[in-house]
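See structure below.
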């Protein structure tokens, strides 16, 4: 059994990327994994301020915001699932702020190493497939920096209105990926 953290970044509840996350979660739970979902768009998480004061107050970050709720979930996770719509050719600002704060776990003065070994990227966009290039490059760079292994990527183009993803077959793919982790 794995401990999976599904980190979502859409501010639109019940939207296409939210449905994609839920389909993945369904498959992962059916496979017997423990899954936590953290909706970064519903939280107050500022981006990293590059102060390099990580861990100086006993927590990953000195700034008291909702990252303090996310940090223990990240520390327990074996697998991180990043779920975001594409906004201006990459992930949403809400999820990017949360991911930026993971910097604390990769500084020389870190107090804890993460158990994370693998990650998944799930994304959708209103535009054609080429719009995912920026997001995919960011994801690959994240993997190269952290050493995490890619466990799967699902991108779903041309879904704009809530529920458009239901017509694509992507939810079945996400559920199957969740089962296969």
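Name the one entry in 81, 74 that is more than 13 Å from residue 103 (Cα to Cα) and either surrounded by 14 or more Cβ atoms within 10 Å (Cβ to Cβ) or at pLDDT below 95 (or both). When all the criteria are applied, what remains is 81. Residues in segment 151-181 that are in contact with a strand residue (DSSP E or B) (Cβ under 8 Å, 6 or more places away or on another chain) and loosely packed, with under 13 Cβ neighbours inside 10 Å: 180 only.
Give me the residue from segment 21-44 that is loosely packed, with under 15 Cβ neighbours inside 10 Å and assigned to a loop (DSSP other than H, G, I, E, B) and, out of that set, nearest to the chain's Cα centre (by Cα). Applying the filter and picking the extreme gives 44.
Among the residues of segment 46-54, none qualifies, meaning not one is closer than 21 Å to residue 164 by Cβ and surrounded by 19 or more Cβ atoms within 10 Å (Cβ to Cβ). Can you name every residue in segment 88-98 that is modelled with pLDDT of 95 or more and either farther than 13 Å from residue 139 by Cβ or buried (at least 22 other Cβ atoms within 10 Å of the Cβ) (or both)? Those that are modelled with pLDDT of 95 or more and either farther than 13 Å from residue 139 by Cβ or buried (at least 22 other Cβ atoms within 10 Å of the Cβ) (or both): 91, 92, 93, 94, 95, 97, 98. Cβ-Cβ distances below 9 Å connect the following pairs, each with a first residue in segment 140-153 that is in contact (Cβ under 8 Å) with a residue 12 or more places away in the chain and on the phi > 0 side of the Ramachandran plot, a second residue that is in a helix (DSSP H, G or I) and loosely packed, with under 13 Cβ neighbours inside 10 Å, and a separation of six or more residues or different chains: 152/180. Close contacts from segment 73-92, counting a first residue that is at negative phi and free of Cβ contacts under 8 Å to residues at least 40 places away in the same chain and a second that is buried (at least 24 other Cβ atoms within 10 Å of the Cβ) and part of a helix (DSSP H, G or I), with Cβ to Cβ under 9 Å and a gap of 6+ residues or different chains, come to none at all.
The values are calculated or read from the model by the stated rules, or taken from the named source; none is laboratory data. Not measured: the values here are computed from a predicted model. Methodologically, a virtual Cβ is constructed for each residue, glycine included, from the backbone with ideal geometry; neighbour enumeration extends over all protein chains shown.
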